[in-house]
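Trainee: Okay, handing you the structure first.
Bear in mind that the values in this text are calculations on the coordinates, not laboratory data. No experiment lies behind these values; they were computed from the predicted model shown. Positions of Cβ are generated from backbone atoms using ideal geometry, with glycine treated the same way; all protein chains shown enter the neighbour counts.
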Number of protein chains: 2
Amino acid sequence: MAETEGKGRRIVVAVDEGEESLYALSWCLQNVVSQNSKDTLILVYAKPPSTVYPAMDGTGYLFSADIIASMEKYRRDVAACVMENAIRLCKDLPNIKVEKKVENGDPREVICDTVEKLAADLLVMGTHGYGLIKRAFLGSVSNYCAQNVNCPILIVKIPKSEGVSGCKRS
Amino acid sequence: MAETEGKGRRIVVAVDEGEESLYALSWCLQNVVSQNSKDTLILVYAKPPSTVYPAMDGTGYLFSADIIASMEKYRRDVAACVMENAIRLCKDLPNIKVEKKVENGDPREVICDTVEKLAADLLVMGTHGYGLIKRAFLGSVSNYCAQNVNCPILIVKIPKSEGVSGCKRS
């Protein structure tokens, strides 16, 4: 692993609320990053942007400033929880440098922009493994990134028999 | 890299005539496989199956047995050339075990079947980076594999500024 032992690589790992992304990070730590590497892991999380709500919805429900502030706090809490889980996984490799990056926006754009801006050497991400119909409607973040980033991409699908504890939205 | 130093992994690398697949193999050797690993690399090549031609085509051109035999020999030669190039790249890591696998058929099916049969730990492949229109018509082998294999997949796109010498069809 000449490159790892040399200058170190910039590895972007996309994390989200699903255990798939934590599994991908865990797989990367075990299989791509070595104990003595000088690699930098950049954990990137795309926080859903604040939505502009009308003062009242169709059912007459009032969106007060308090409710909107609570929703924003909820999004920040989820982001913090996701990052906390991810960083805990990295503790086994104390020599690697870990950076956090939380950006508002569509995950596809946030991930691709981060990879490009940092001139990353590798992008690591999980995949939800949606069925054909759901994938056709939702599109696939990993598929989009595979076609749009200009660096190698490692897509880790969680095997059916395994699992890691993710961040449960309460 | 605990897993590499332990029992070793079975890494399937899809190779073809394009330099993209040789670049993917080279990237994998530098970034995923370590000098002292017990990994096994399985180089898989999908050879286009023999086509059943009519005795004479629309222009009156005769497909003799000789011509058909020459075409089959040509396909075998290309397969041998691709494998030779790939194995040459692996020479820098003399400790890893390298296996060759040449199968007739559609690359998508051949690659996915090989990964499944060998219970591979990782699939590595290049991507031709076709434009949107061409991709829509041809489909993407890497996209198909990403959706259908049940193991992590590393897709390596060749950067625009780099290149490796592949096997030129003469």
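Trainee: Per-residue mean of other chain beta-carbon atoms within 10 angstrom of the beta-carbon, peptide A:145-154?
Mentor: Going residue by residue through A:145-154 and averaging, the value is 6.
Trainee: Report, for A:Cys81, each distance to the same residue's label point in the other copies, shortest first and in nm; define the point 7 Å along Cα→Cβ.
Mentor: Distances between equivalent label points, in nm: 5.7.
Trainee: Taking K and R as +1 and D and E as -1, what net charge do the other residues with C-beta under 11 Å from the C-beta of B:Val15 add up to?
Mentor: Every neighbour counted, the sum reads -3.
Trainee: Measuring from a point 7 Å out along Cα→Cβ, what nm distances, shortest first, does B:Pro49 have to its partners in the other copies?
Mentor: Those label-point separations list as 4.9 nm.
Trainee: Go through A:Lys91/B:Lys97; A:Lys101/B:Lys38; A:Lys47/A:Lys100; A:Lys7/A:Lys100; B:Lys38/B:Lys157 and tell me which ones have a Cα-Cα distance over 24 Å in this structure.
Mentor: A:Lys91/B:Lys97; A:Lys101/B:Lys38; B:Lys38/B:Lys157
Trainee: Could I ask something else about it? Rounded to whole Å, how close does chain B get to the rotation axis onto A by Cβ? Give me the residue too, please?
Mentor: Checking which Cβ lies nearest the axis yields B:Leu154, 2.
Trainee: Whole-Hz Karplus ³J(HN,Hα) for region A:105-112, in order, using 6.51 cos²θ - 1.76 cosθ + 1.60 and θ = phi - 60°, x for Gly and Pro?
Mentor: x, 5, x, 4, 6, 4, 5, 5
Trainee: How many angstrom separate the Cα center of region B:73-130 from the Cα center of region A:60-115?
Mentor: Between the Cα centres of region B:73-130 and region A:60-115 lies a distance of 40 Å.
Trainee: Next question. How much net charge surrounds A:Asn95 when only the other residues with a Cβ under 11 Å from the Cβ of A:Asn95 are counted, with Lys and Arg +1 and Asp and Glu -1?
Mentor: Neighbour charge sum, excluding A:Asn95 itself: 0.
Trainee: Say a label goes 7 Å from Cα toward Cβ at A:Gly105 in every copy; what distances in nm does this one have to the rest, shortest first?
Mentor: 4.2
Trainee: Ignore the peptide's own chain and count Cβ atoms of other chains within 10 Å of each Cβ in A:64-75; give me the average, rounded.
Mentor: That average works out to 0.
Trainee: How many Cβ atoms of partner chains, on average, are near each residue of A:17-24 if near means within 10 Å of its Cβ?
Mentor: Per residue, the average neighbour count from other chains is 0.
Trainee: Could you sort the peptides A:108-116, B:7-15 by per-residue average Cβ neighbour count (10 Å cutoff), highest mean leading?
Mentor: So the order, starting with the most tightly packed, is B:7-15, A:108-116.
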